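Taken together, the values in this text are just the output of simple stated rules run on the coordinates, not laboratory data. Quantities reported herein were computed from a predicted structural model and do not represent experimental measurements. Quick reminder, even Gly has a Cβ in these numbers, built from the backbone with ideal geometry, and neighbours come from all protein chains shown.
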Amino acid sequence: MSFVSTRGQAPAVPLSAAMAVGLAPDGGLYVPAVLPASRSWQPQQDLAATAADLLAPFFAGDRLAGALPGICRQAFDFPVPLRRLATPGDHVLELFHGPTAAFKDIGARFLAGALSQLQAGQGRDLTIVVATSGDTGAAVAAAFHRQPGVRVVVLYPDGRVSPRQAHQLGCFGDNIQALRVAGSFDDCQAMAKQALGDGALQASVPLSSANSISLGRLLPQMSYYAHAALQHHATCGQHLNLVVPTGNLGNAMAAVLARALGVPIGQIVLATNANAVLPRYFQGQDYQPQPSVATVANAMDVGAPSNFERLRWLYRHDDAELRAAFRAYAVDDVTIRATIASLFASQGEVVCPHTATAVKVLQDLRAGGAKGDWAVVATAHPAKFESVVEPLIGRPVPVPPALHALLQRPAQAAPVPARYAALREVLLR
Ligand SMILES: *Cc1c(COP(=O)(O)O)cnc(C)c1O
């Protein structure tokens, strides 16, 4: 299968080439030239097997095709349970059982496996530049830590990530360099994008991205939706509807692609924090990227959701059709906090602030008469956001062992101004 740019001005390339460069040369995002036809899928015995099955058409003819099952086995070595909640028909899809306790571990581990296969035997080191609003950087750092031939430079907005997130970003060392940027996530993202588009720089420092624009992260994220929805369908014959906490739209876009392939997913509803660019668009306004505002669900503090370009491509740039296909709702900080507190009080469930946006949206959908089986997508473990969650529930949140191990390591990050020149200098060093 070959991959083209959403902007239509870049040559078609095989998947491994698209994964290695991240952004297409015309500034667009890589998408399949032709999406595999929708068909029915069988649930496999585990997530890794489902992933290998689902991803096989995308890797057909690629130099990584033979390595795919092995990459899946290595990347998906932790559970992704679909758990029932007290309200009949409600579920939570827990994506946070990986090494850094957020869903981004899944895509990051797959990408790391794929890129290290491609990198093997290359003379020059590859530098991965990644902008993070909190969780991406840690997941990417964990996935690439001590991988030979790869250096990772992580940019994060200083003071806008939780203390535990900051610690996770700075605690790896070795081939991982953390930069705390005096600016917003959007500044970090713009700096990373500029580096990836800097041909002169790349002549001496080969770069790749690991942001959610990377197909190497986006495509494997289809796997957990497929695994959960196929098992659910096999057990009770129902499609699984989803509420997805959304920032850059990578996680939700993976669900949309999985559904397009024929996975039995029903509705996909987007939940955002106060950064309401998508809700405003789906309510009929123009798509209007905004500077991001800081919220308690900081991994979703995104004012210009990068994967929106892919969603538009999938709907052939037909805004009316796209608006008809999705709903999106914003949840402000006051409501996020109230939802965390009330869910704990009523059901004993503890969720992170991101997951809480989806919980609230599902509560509202149910109140409005929504029927069927729904899953709230739980994107991070609440222990990562203890400074928000613990005061609301009045007790400590136990820290999962993998996260605990990271928090024991010393951490450091270099301060940099929010200017591209500062990043360029670090990359050339
Ligand atoms: C990144 C992240 C999100 C948003 O995911 P996107 O793919 O950017 O939409 C939501 N929750 C958590 C915990 C995250 O880390």
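Things to note:
- Overall Cα dimensions of region 351-397, principal axis frame, Å, largest first: 35, 18, 12
- Mean separation of Cα contacts under 8 Å, 6 or more apart, over the residue count of the chain: relative contact order %: 19 percent
- For the chain, built as a Gaussian network whose Cα springs stay under 10 Å, the top-fluctuating residue of L201, L249, L278: L201
- Residue order, fewest to most surrounding Cβ atoms within 10 angstrom, among D286, D364, D125, D90: D286, D125, D364, D90
- The fraction of all Cα pairs in region 1-124 landing in successive 10 Å bins from 0 to the largest distance is 12, 33, 36, 15, 4, 0, given as whole percents.
- Sorted by Cβ neighbour density within 10 Å, fewest at the top, the residues W41, W374: W41, W374
- Take the Cβ atoms of V334 and H239, set R0 to 22 Å, and the FRET efficiency comes out at 0.10.
- With the cut-off at under 17 Å, measuring from each backbone N in region 258-293 to a point 7 Å along the Cα-to-Cβ line of R312 picks out 277-291.
- Dipole magnitude of region 251-360, debye to nearest 20 (Cβ charges: Lys/Arg +1, Asp/Glu -1, about Cα centre): 200 debye
- 13 Å tail of the calculated P(r), region 254-316, as % of Cα pairs: 68 percent
- The residues packed around Q165, meaning those with a beta-carbon under 9 Å from its beta-carbon, carry a net charge of +1 if Lys and Arg are +1 and Asp and Glu are -1.
- Cα extents for the chain along the principal axes, largest to smallest and rounded to whole angstrom: 58, 47, 43.
- Cα Rg over Rh - region 121-280, Kirkwood: 1.03
- Residue exposure proxy: K371, K384, K360, K104, ordered by other Cβ atoms within 10 angstrom of their Cβ from fewest to most, comes out as K371, K360, K384, K104.
- Longest to shortest principal axis, alpha-carbon extents of region 270-429, angstrom: 50, 47, 25
- Label-point separation in nm, R366 to A182, each point 7 Å along Cα→Cβ: 4.8 nm
- Computed on the Cα trace of region 226-357, the radius of gyration divided by the Kirkwood hydrodynamic radius gives Rg/Rh = 0.99.
- The calculated Kirkwood hydrodynamic radius for region 58-159 is 15.3 Å, given to one decimal from all distinct C-alpha pairs.
- Segment D125-A260, extension gain: residue separation times 0.36 nm, minus the distance between their alpha carbons: 44.9 nm
- Partner aspartates and glutamates whose Cα lies under 18 Å from the Cα of K360, excluding those fewer than 8 positions away in the same chain, are identified as D90, E94, D301, D332, D333, E349, D373.
- Shape metrics for region 1-54, restricted to C-alpha atoms - Rg then Dmax, Å: 13.9, 41
- Cα centroid separation - region 281-353 against region 79-158, whole Å: 21 Å
- Summed side-chain charge close to E349 - residues other than E349 whose Cβ falls under 12 Å, Lys, Arg +1, Asp, Glu -1: 0
- Computed over every Cα-Cα pair of region 127-214 and binned at 10 Å starting from 0, the pair-distance distribution P(r) comes out as 19, 52, 26, 2 percent.
- Kirkwood Rh in Å, taken over region 309-354 so that all alpha-carbon pairs contribute: 13.2 Å
- Inter-site label distance for A86 and A17 at 7 Å from Cα along Cβ, in nm: 5.6 nm
- Between the listed residues L55, V80, F185, the Cα displaced farthest toward the positive end of the dipole of region 49-198, a dipole computed from Cβ unit charges relative to the Cα centre, is found at V80.
- The tail of the calculated P(r) for region 301-395, taken as Cα-Cα distances beyond 16 Å, holds 63 percent of the pairs.
- Estimated dipole of the chain in Debye, rounded to 20 [Cβ of Lys and Arg +1, of Asp and Glu -1, Cα centre]: 260 debye
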